[in-house]
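The values are calculated or read from the model by the stated rules, or taken from the named source; none is laboratory data. Since we're looking at a predicted model, the values are computed, not measured. Using ideal geometry, Cβ is built from the backbone for each residue, glycine included, and neighbour counts are taken over all protein chains shown.
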Amino acid sequence: AQSVTQLDSHVSVSEGTPVLLRCNYSSSYSPSLFWYVQHPNKGLQLLLKYTSAATLVKGINGFEAEFKKSETSFHLTKPSAHMSDAAEYFCVVSDEGGADGLTFGKGTHLIIQP
Amino acid sequence: DGGITQSPKYLFRKEGQNVTLSCEQNLNHDAMYWYRQDPGQGLRLIYYSQIVNDFQKGDIAEGYSVSREKKESFPLTVTSAQKNPTAFYLCASDREGNYGYTFGSGTRLTVV
């Protein structure tokens, strides 16, 4: 069985400061891991994905995430927050590459203070 | 441009009615999925289909039905048996081995 825990339901940062969104996962196999972003009343957009290649994954809009097997973590970071980054972020895990459906975390709401 | 189209964007249902949410993709993806999103609960899988004329129940299939008669289309029917249907519904598709879904823009269903 697979599961994912997003450790913060809300994160607030000032514009121009670093962003850290935390995610821990549980998986019986070698997982595939994803981060998605959702703006209000919109669908989800894939930010980045880890599929057993390089452990540091670079995504769109300056985001990156590091897969740490020993810590079962896949935290999302960005060096400098922008107002347009304000959104809901979902950490997602799949044991089988997503063929049977993904397991979503409950989401982290990122607030950017001017 | 290729993508997933969900319609309608907003849908209102009376108690006891069945309603059908449309999901169409022109990405030539084999797999399609329906998720339900409730505040603070992330997304939960309702049904998925990996090939035409075949589909599987997800974690919360009760009160829902689907069909997959064409590769491009995966409609979801919310039946009167679904006791709490008010939610945001997201359709997604994936190409085998792609490891990253494409999502539609969602349908917000409200029971009135």
**Report entry** Search result, residues across segment A:64-95 that are farther than 19 Å from A:ILE111 by Cα, of a type in the set (A, V, I, L, M, F, W, C) and touching a residue at least 60 places away in the same chain (Cβ under 8 Å)
**Finding:** A:VAL92, A:VAL93
Query - Residues satisfying the stated conditions in segment B:50-71, i.e. within 24 Å of A:LYS106 (Cα to Cα) and either hydroxyl-bearing (Ser, Thr, Tyr) or assigned to a strand (DSSP E or B) (or both) - result: B:GLN56, B:LYS57, B:TYR64
Query raised in the report: Condition test on A:GLN38, is it of a type outside the set (Phe, Trp, Tyr) and surrounded by 20 or more Cβ atoms within 10 Å (Cβ to Cβ)?
Result: yes
Report task. Take the residues in segment A:41-78 that are part of a loop (DSSP other than H, G, I, E, B) and surrounded by 13 or more Cβ atoms within 10 Å (Cβ to Cβ), then tell me which one is farthest from the other protein chains (Cβ to nearest Cβ). Result -> A:THR72
Query raised in the report: Is at least one residue of segment B:82-104 farther than 30 Å from A:ALA53 by Cα, small (Gly, Ala, Ser) and either touching a Phe, Trp or Tyr at 6+ places or on another chain (Cβ under 7 Å) or not in a strand (DSSP E or B) (or both)?
Result: no
Query raised in the report: Just one of B:LEU11, B:LEU21, B:LEU27 is at pLDDT below 95, among the aliphatic types (A, V, I, L, M) and part of a strand (DSSP E or B); which is it?
Result: B:LEU11
Query - Residues within segment A:1-20 that are within 14 Å of another protein chain (Cβ to nearest Cβ), of a type outside the set (Ser, Thr, Tyr) and in a strand (DSSP E or B), tallied - result: 3
Requested in this report: Could you figure out which of (1) of a type outside the set (Ser, Thr, Tyr); (2) within 14 Å of chain A (Cβ to nearest Cβ); (3) over 17 Å from B:SER22 (Cα atoms) isn't true of B:VAL111?
Outcome: (2)
Query raised in the report: Which residue pairs have Cβ atoms closer than 9 Å, lie 6 or more positions apart in sequence or on different chains, and pair a first residue in segment B:35-56 that is more than 19 Å from A:LEU44 (Cα to Cα) with a second residue that is modelled with pLDDT under 90 and part of a loop (DSSP other than H, G, I, E, B)?
Result: B:GLN50/A:ALA99; B:GLN50/A:ASP100; B:GLN50/B:GLU96; B:GLN56/A:ASP100; B:GLN56/A:GLY101
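Just checking, does segment B:57-68 include any residue being among the hydroxyl-bearing types (Ser, Thr, Tyr), in contact with a Lys or Arg (Cβ under 8 Å, 6 or more places away or on another chain) and more than 8 Å from chain A (Cβ to nearest Cβ)?
The answer is no, given that none of the residues of segment B:57-68 is among the hydroxyl-bearing types (Ser, Thr, Tyr), in contact with a Lys or Arg (Cβ under 8 Å, 6 or more places away or on another chain) and more than 8 Å from chain A (Cβ to nearest Cβ).
Can you give me the number of residues within segment A:16-59 that are among the charged types (D, E, K, R) and touching a residue at least 12 places away in the same chain (Cβ under 8 Å)?
Of the residues in that region, 2 qualify.
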